[in-house]
Amino acid sequence: MKNIDLLFLLFIVVSCKKTGSGDADYKPTPYTIHIPGYFPTTMNIPSDNPMTVEGITLGRYLFYDGRISGRTDPDSLMSCATCHVQSHAFECGMDNPAFPGGHPHGLTGIPTPHSMLPMINLVWTGTGYLWNGKVNSENPLPYFRNIEDLTWMSMIAPHEMAGDTDRIKALIQNIPGYPELFEKAFGSREVTVKNMGKAIAQFVRTLISANSKFDRFLRGEVSLSTAERGGYVLFMTELGADCFHCHGGEGNPLFTTNLFYNNGKDSVFGDPLDRRSVTVNPADIGSYKAPTLRNIAYTAPYMHDGRYKTLDEVIDFYSSGLVWSPTISPLMHHVNDHGVQLTPVEKAELKAFLYALSDTSFIMNPNFTKPDKFPDEK
């Protein structure tokens, strides 16, 4: 934590400059997020960064442009999309040739402290970002509060882009087409890290997944198979797989509470970046965010440290691999039996239901893909 806090102080020193919105008469085009009928209506959209067509367009370019690392050498480019790959629900994926085993590292070669979390439906996240929730609205540090802040953190963190904000701003400022895009989105041709973060955050908030087979089932468009129905019953019952407490269900279409739990992976803990590092509460030792189960078929490896490479391993863990510890979540009702003790048939049914949460239209959505050309290539 000390390293990232030091980076925060350095960022403030080099970046606290006037970043006004420019011409008071500029009027970007408002963008309205379509909320699926059974999704929450409260969204995490800051008042100082309303959604606009121009902001999203700029954010998509920046999300995919490796030059936001502040470099131009082809071997030194890194963008958000280097690790957040659409075909893996914006995780890096087990088959990513740059990151064997599915655990990313920065341009320095330093691995990220944790495995990845998918970028799915983050516009409904209000409890904090990252596995430990460090980036949250209650953080006393003013630049550790929302998706916007994750951008500059990624730019300067040694386990990510390891860049320099002044060099990044100067580089993007001098790429033809970008000043015009910043002017359309924010009323000023000046490139700032603050507005880069705002634009990328707007794009990320459009990454909404709500068209899995299970969604279509809820809308009455398809039927679930016998195995999928059986898996759903297991998912939603305490005497079954007992998943719903942490991951929601029909009444919680996000398939996560976005809260933090010690789920029984270990009995001894040594990670300095667990939930306790944020709350300073000993009861949070070994606790991490419950990730969404949407598109879980695409998001291996699993858990905060990526220890499980397949969904079968995860199901086996919850079935018979739980380990008691003093801070284990009280929602882990079956820890005394080391898990829910599913039969092979029940495991297959649960897996079938989890696969029914796959949304191919999300991982193939053309609005989320890399632009055909960058601004200077038009």
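The values are calculated or read from the model by the stated rules, or taken from the named source; none is laboratory data. Values in this document were obtained by computation on a predicted structure and should not be read as measured data. Here the Cβ positions follow ideal geometry from the backbone for every residue, glycine too, while neighbour counts run over all protein chains shown.
I'd like the residue in the stretch 162-174 that is among the hydrophobic types (A, V, I, L, M, F, W, C) and farther than 10 Å from Arg67 by Cα and, out of all such residues, is nearest to the chain's Cα centre (by Cα).
Going through the qualifying residues, I end up with Ala162.
Is one or more of the residues making up the stretch 226-234 of a type in the set (Lys, Arg), crowded, with 19+ Cβ neighbours inside 10 Å and at pLDDT 95 or above?
Checked the stretch 226-234: no residue is of a type in the set (Lys, Arg), crowded, with 19+ Cβ neighbours inside 10 Å and at pLDDT 95 or above.
Taking the condition of being assigned to a loop (DSSP other than H, G, I, E, B) and more than 20 Å from the chain's Cα centre (by Cα), how many residues in the stretch 51-83 meet it?
5
Hey, could you check the stretch 84-114 for residues that are assigned to a helix (DSSP H, G or I) and in contact with a helix residue (DSSP H, G or I) (Cβ under 6 Å, 6 or more places away or on another chain) and say which is nearest to Leu293 (Cα to Cα)?
His88
Regarding the stretch 189-204, can at least one residue be identified that is surrounded by fewer than 17 Cβ atoms within 10 Å (Cβ to Cβ), closer than 22 Å to Lys378 by Cα, out of contact with any Leu (no Cβ under 6 Å at 6 or more places or on another chain) and not acidic (Asp, Glu)?
Yes, because at least one residue in the stretch 189-204 is surrounded by fewer than 17 Cβ atoms within 10 Å (Cβ to Cβ), closer than 22 Å to Lys378 by Cα, out of contact with any Leu (no Cβ under 6 Å at 6 or more places or on another chain) and not acidic (Asp, Glu).
Are any of the residues in the stretch 265-287 touching a residue at least 24 places away in the same chain (Cβ under 8 Å), buried (at least 18 other Cβ atoms within 10 Å of the Cβ) and over 19 Å from Tyr129 (Cα atoms)?
There is at least one residue in the stretch 265-287 that is touching a residue at least 24 places away in the same chain (Cβ under 8 Å), buried (at least 18 other Cβ atoms within 10 Å of the Cβ) and over 19 Å from Tyr129 (Cα atoms).
What are the residue pairs meeting all of these: first residue in the stretch 367-378, first residue surrounded by fewer than 10 Cβ atoms within 10 Å (Cβ to Cβ), second residue aliphatic (A, V, I, L, M), Cβ atoms under 9 Å, and 6 or more apart or on different chains?
Asn367/Ile56
Could you give me the residue pairs with C-beta distances under 7 Å whose first residue belongs to the stretch 160-172 and is crowded, with 21+ Cβ neighbours inside 10 Å, whose second residue is among the small types (Gly, Ala, Ser) and not in a loop (DSSP other than H, G, I, E, B) wherever it lies, and which are 6+ apart or on separate chains?
Glu160/Ser154; Met161/Ser69; Met161/Ser154; Gly163/Ser69
Mind checking which residues of the stretch 284-304 are in contact with a Pro (Cβ under 9 Å, 6 or more places away or on another chain) and more than 22 Å from Phe244 (Cβ to Cβ)?
Answer for the stretch 284-304, where residues must be in contact with a Pro (Cβ under 9 Å, 6 or more places away or on another chain) and more than 22 Å from Phe244 (Cβ to Cβ): just Ile285.
For (1) closer than 30 Å to Glu346 by Cβ; (2) touching an Asp or Glu at 6+ places or on another chain (Cβ under 9 Å); (3) touching a residue at least 60 places away in the same chain (Cβ under 8 Å), each residue gets a yes or a no:
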{"residue": "Glu180", "(1), (2), (3)": "no, no, yes"}
{"residue": "Gly187", "(1), (2), (3)": "no, yes, yes"}
{"residue": "Ala201", "(1), (2), (3)": "no, yes, yes"}
{"residue": "Val204", "(1), (2), (3)": "no, no, yes"}
{"residue": "Leu207", "(1), (2), (3)": "no, no, yes"}
{"residue": "Lys213", "(1), (2), (3)": "yes, yes, yes"}
{"residue": "Val222", "(1), (2), (3)": "yes, no, no"}
{"residue": "Glu228", "(1), (2), (3)": "yes, yes, yes"}
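Against the condition among the aromatic types (Phe, Trp, Tyr), closer than 19 Å to Arg205 by Cα and either free of Cβ contacts under 8 Å to residues at least 24 places away in the same chain or crowded, with 22+ Cβ neighbours inside 10 Å (or both), how does Phe99 come out, does it pass?
Considered against the rule, which asks whether it is among the aromatic types (Phe, Trp, Tyr), closer than 19 Å to Arg205 by Cα and either free of Cβ contacts under 8 Å to residues at least 24 places away in the same chain or crowded, with 22+ Cβ neighbours inside 10 Å (or both), Phe99 comes out as no.
So which of Ala24, Ala98 ends up being more than 28 Å from Leu171 (Cβ to Cβ) and at pLDDT below 95?
Ala24
Just need a number here: residues in the stretch 190-214 that are over 21 Å from Leu357 (Cβ atoms) and assigned to a loop (DSSP other than H, G, I, E, B).
3
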